[in-house]
Amino acid sequence: MGLFDFFKKSGDADKAALVKQPLGYWEESSYMQLVPPSDGYMLDEGILDRVGGIEGLDVKSFAMPATGSEGELLLDYGGEEYKVSFFWASFELPQMYRHNNQFFTEKEMQALKRVKKALVFHMKFGSEPKKSYHLQLKLACAMMPDLMGLIDESAEKLLCPRWVKMAARSYVLPANDSLYTVQAISAKNGEVWLHTHGLARCGITELEILCSDKENYNNHYYIISALAGRYLDGSVKEGEPVLIGRFSNNDPIVVTAVIWTEALGRYKANVSGGAADRRDGHNSETSIVFMCEENGLLSPVTDYNKILADNPLFFISSEETQRMSMLARERFEYVKTAAENDIGEKQIIIKIGLPTASGETPEHIWFELESFNGDKFSAILTQEPYDVPDMHTGDRGEYTVDDVTDWMIFSKKYGRIVPETAYLLE
């Protein structure tokens, strides 16, 4: 039995007739809105110098926006050519974009509500989505250094200017989940429809899980996140089975994504995220995630709710592990400053990569920071290693930033601060 036959078997004629629609403008290109500090804000003549000063960027041509036309910037970055268009437009803070994991003060939010215009700028991503996204953040800061907020329209998220500026000046690419959001839409019957925004601009299918619920949607989020990460890393092809982790019983977690026009045949007609919910959107490049069975058939993710609730392990690619380590080292000065200023009451833990007895990859394990001594710091091992026989919980050691692979600062004001959220300390 073919895959398509498997899905059509439980579908109906209306579902079988569904047609994939062309990409929306926000899916073809990456659209962002730069929120200025005031409605009277004007672009200055220093834009070209600031853009041209971005490392690795070569400006080919530049034109300011004129009445009735867009401004345009042609540039070369990393051996790829980009066309960036920008124009002023009316602005109102989108209600649905406010709730994300970035921190704004109440004063910042009130200021955003007062602004009535924004600079819209858009560009098509190149062959490496994370690199293109990083470039767009750099351009945002160069075009409007004092921006008050950034709306990532393609991913439907609001970004804090402090995060944007820190990410833009970093030598490390942004995290995979910076490029997209996962939205959870609740229906009256308790169903939760999970779907992404932002992946289509990367040349990747958006991802969905249907028939989730409030008890299990967080576990389903991790499945979408793990698969999206593998796609963004470019390590797997769409439509193929992908090993993303292991259940608590050590069985593999293997998933795949099926284009929505075929996958909806597996669900009842009135499902949340069904045909009726796709008349005005979610009807182009988007796919529903399924579990791959040993017999080659596919099952809804929700069939695995019980075992997914039992602490499964989701894999992180070596590329992402290396990126996280680089970011932790790049922003390690924030740890030193926090320790010196009693930020978080010195509740700071640092992950160190320890050589293992097997001689394979290092074991990454948490230490509690004690003190700094110049370029070195002392720390106490907080857990028993698996493959480092000469070290045990409570042992002290002296290390340098080169040994660091991650860190956390616990603050009463902000909670847990990690390298990705170090902007909270600025």
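Which residue out of Ser317, Ser235, Ser325 is on the phi < 0 side of the Ramachandran plot, surrounded by fewer than 15 Cβ atoms within 10 Å (Cβ to Cβ) and among the small types (Gly, Ala, Ser)? Among Ser317, Ser235, Ser325, only Ser235 is on the phi < 0 side of the Ramachandran plot, surrounded by fewer than 15 Cβ atoms within 10 Å (Cβ to Cβ) and among the small types (Gly, Ala, Ser).
Based on what the data block shows, is Ser248 modelled with pLDDT of 95 or more, loosely packed, with under 14 Cβ neighbours inside 10 Å and over 22 Å from the mean Cα position of the chain (by Cα)? The answer is no for Ser248. Would you confirm whether or not the range 27-34 contains a residue that is surrounded by 14 or more Cβ atoms within 10 Å (Cβ to Cβ), touching an Asp or Glu at 6+ places or on another chain (Cβ under 7 Å) and not in a strand (DSSP E or B)? Scanning the range 27-34 turns up at least one residue that is surrounded by 14 or more Cβ atoms within 10 Å (Cβ to Cβ), touching an Asp or Glu at 6+ places or on another chain (Cβ under 7 Å) and not in a strand (DSSP E or B).
Taking (1) within 20 Å of Arg266 (Cα to Cα); (2) under 12 Å from the mean Cα position of the chain (by Cα) in turn, Asp177 satisfies each apart from (1).
Restricting Glu360, Glu384 to residues that are in a loop (DSSP other than H, G, I, E, B), within 31 Å of the chain's Cα centre (by Cα) and more than 25 Å from Glu330 (Cβ to Cβ) narrows the list to Glu360. For the range 259-280, residues that are in contact with a Phe, Trp or Tyr (Cβ under 6 Å, 6 or more places away or on another chain) and part of a strand (DSSP E or B) total 0. Of the set (1) among the hydrophobic types (A, V, I, L, M, F, W, C); (2) crowded, with 19+ Cβ neighbours inside 10 Å; (3) in contact (Cβ under 8 Å) with a residue 60 or more places away in the chain; (4) more than 30 Å from Lys188 (Cα to Cα), all apply to Val289 but (4). Among the residues that make up the range 290-307, is at least one of them under 17 Å from Asn219 (Cα atoms), aliphatic (A, V, I, L, M), touching a Leu at 6+ places or on another chain (Cβ under 6 Å) and modelled with pLDDT of 95 or more? No: zero hits.
Working only within the range 55-78, note down all residues that are small (Gly, Ala, Ser) and part of a strand (DSSP E or B).
Result: Ser61, Ala63, Gly71.
With the requirement that a residue be over 15 Å from the mean Cα position of the chain (by Cα) and buried (at least 21 other Cβ atoms within 10 Å of the Cβ), what does the range 119-135 give you? Passing the criteria: Leu119, Phe121, His122, Met123, Phe125, Leu135.
Taken across the range 232-240, residues that are without any contact (Cβ under 8 Å) to a residue 60 or more places away in the chain and of a type in the set (Asp, Glu) do occur, with at least one present. Scanning the range 359-375 for residues that are among the charged types (D, E, K, R) and under 13 Å from Tyr399 (Cα atoms) yields Glu368, Glu370, Asp375.
Here are Gly190, Gly198: which of them is modelled with pLDDT of 95 or more and among the small types (Gly, Ala, Ser)?
Gly198
Of the helices (runs of 4 or more DSSP H) that lie entirely inside the range 291-350, those containing 2 or more residues that are in contact with a strand residue (DSSP E or B) (Cβ under 7 Å, 6 or more places away or on another chain) span 318-330, 333-340.
On the stretch given as the range 379-411, residues that are free of Cβ contacts under 8 Å to residues at least 60 places away in the same chain and in contact with a Lys or Arg (Cβ under 6 Å, 6 or more places away or on another chain) total 3.
If you go through the range 139-180 and keep only what is under 16 Å from Gly78 (Cα atoms) and crowded, with 23+ Cβ neighbours inside 10 Å, you end up with just Leu139. Do we find a residue being surrounded by 17 or more Cβ atoms within 10 Å (Cβ to Cβ), farther than 30 Å from Arg169 by Cβ and not assigned by TED's automatic domain parsing to the domain that holds Lys130 anywhere in the range 333-356? Yes, the conditions are met somewhere in the range 333-356.
The values are calculated or read from the model by the stated rules, or taken from the named source; none is laboratory data. These numbers come from a predicted model, not from an experiment. Don't worry about glycine lacking a Cβ; one is built from the backbone with ideal geometry, like all the others, and counts go over all protein chains shown.
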